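The structure appears right after this line, and notes come after that.
Read the figures in this text as sums done on the coordinates, not as results from a lab. Note that this is a predicted model, so its numbers are computed, not measured. Virtual Cβ from ideal backbone geometry, glycine too; neighbours counted across all protein chains shown.
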Amino acid sequence: MTTLQDEIWVCPVCEARLQVKAVHTCGSHGADSDFRPHFWGIDPLESYVHSCQECGFSGSAEDYRDGVPENVIRKIRKFLTPRTRDLARPGSPFFRYEFMALIHEWEDRDSLEVGDNFLKASWVARLHSNREKERLYQREAVRRLEEALEIGECEDQAQRAAVSYLVGELHRRLNRKRRAETWFHRALGEFELWEKEHGDPASDLAWLGDQIRRQLEAPADVLN
């Protein structure tokens with residue numbers, strides 16, 4: 001069950017004090033086919049990331065603690081501060097993840113991490129039934145995830161298989177059928193290579209092979 005607690009976070013850009021509802025505990029049961037968890041009780045996604053209404057800085061608790069390089073602060077003030085009104089729009093917490101993704105990209109973080117931020121933005125947009133924003137963030141996510149695979153950011157074959165599957169699933173949700181099938185087949189190839197090396201069908205990764213095959217044969221929006 002999700003529980004939240006009141007905390008005070010200090011913006012590392014303008015030093016404004018934010019009173020936030022931070023995630024204390026949560027649990028999940030199952031997931032959508034693009035890995036969005038189904039949580040018990042309140043969905044905590046929008047409470048993991050908070051934004052400063054004064055300057056637009058957005059991030060997790062760790063981001064608030066770690067600070068921001070001066071060159072990134074300049075970009076925040078130039079590109080995000082003029083958009084702080086977006087953060088105040090009712091039913092639009094997905095902007096927090098969008099702003100965080102941009103900041104992380106300006107900090108030269110891995111494409112996998114930036115892609116994951118945009119993916120979570122799409123999850124939040126889905127929760128708020130904003131299909132336009134959901135599709136926008138899916139496109140941004142898939143571009144970064146493809147780049148991560150191309151430049152070799154994945155640690156091992158298991159991660160390559162999972163990320164390739166996710167790329168295929170995002171293309172499927174964007175109605176790009178041929179691209180989706182191409183990436184599902186690529187993910188299946190990566191999985192089968194991993195399976196040959198490890199030879200354990202009962203392993204923690206066995207579900208991924210089943211999921212890839214299912215999305216090729218009879219796609220669904222939730223994981224089995």
Practice item. For ARG213, put the label point 7 Å out on the Cα→Cβ axis and report which residues of the stretch 147-165 keep their amide N under 17 Å from it. Key: 162, 165
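Full-extension gain between ALA22 and ALA88, please, as 0.36 nm times their residue separation minus the C-alpha to C-alpha distance.
Fully extending the segment from ALA22 to ALA88 adds 21.9 nm.
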Practice item. Between GLU70 and HIS29, with labels modelled 7 Å along Cα→Cβ, what's the label distance in nm to one decimal, could you check? Key: 5.3 nm
Study note, to complete from the structure: Here the gain from full extension of LEU193 to LEU205, 0.36 nm per residue of separation minus their alpha-carbon distance, amounts to 3.1 nm
Check your understanding: Rounded to the nearest 500, what is the chain's calculated 222 nm mean residue ellipticity when only DSSP H runs of at least 4 contribute -39500 (n - 2.57) each, over all residues?
Key -> -17000 deg cm²/dmol
**Study point:** Length-normalised contact order of the stretch 155-216 in % [C-alpha pairs under 8 Å, at least 6 apart]
**Key:** 38 percent
Exercise for review: Counting only GluC sites (Glu not before Pro) that are in a DSSP loop and have at most 12 other C-beta atoms within 10 Å, tell me the longest site-free stretch of the chain.
Suggested key: 16-154
Check your understanding: What is the calculated FRET efficiency for LEU4 to ARG143, with r their C-beta to C-beta distance and R₀ = 45 Å, to the nearest 0.05?
Key -> 0.85
Review point. How far, in degrees from 0 to 90, does helix 177-198 lean away from the longest principal axis of the Cα atoms of the chain, to the nearest 10?
Key: 70 degrees
**Study point:** Degrees, to the nearest 10: 157-173 long Cα axis against longest axis of the chain
**Key:** 80 degrees
Check your understanding: Which longest uninterrupted range of the chain lacks any trypsin sites (Lys or Arg not before Pro) assigned by DSSP to a loop state (not H, G, I, E or B) and surrounded by at most 16 other Cβ atoms within 10 Å?
Key -> 1-108
Revision key, fill the gap. A correct Karplus calculation of ³J(HN,Hα) over the stretch 4-14, with 6.51 cos²θ - 1.76 cosθ + 1.60, θ = phi - 60°, whole Hz and x for Gly and Pro, returns 10, 9, 6, 9, 10, 10, 10, 5, x, 9, 10
Review point. Under a Cβ-Cβ limit of 4.7 Å, which cysteines in the chain have nobody to pair with?
Key: CYS26, CYS154
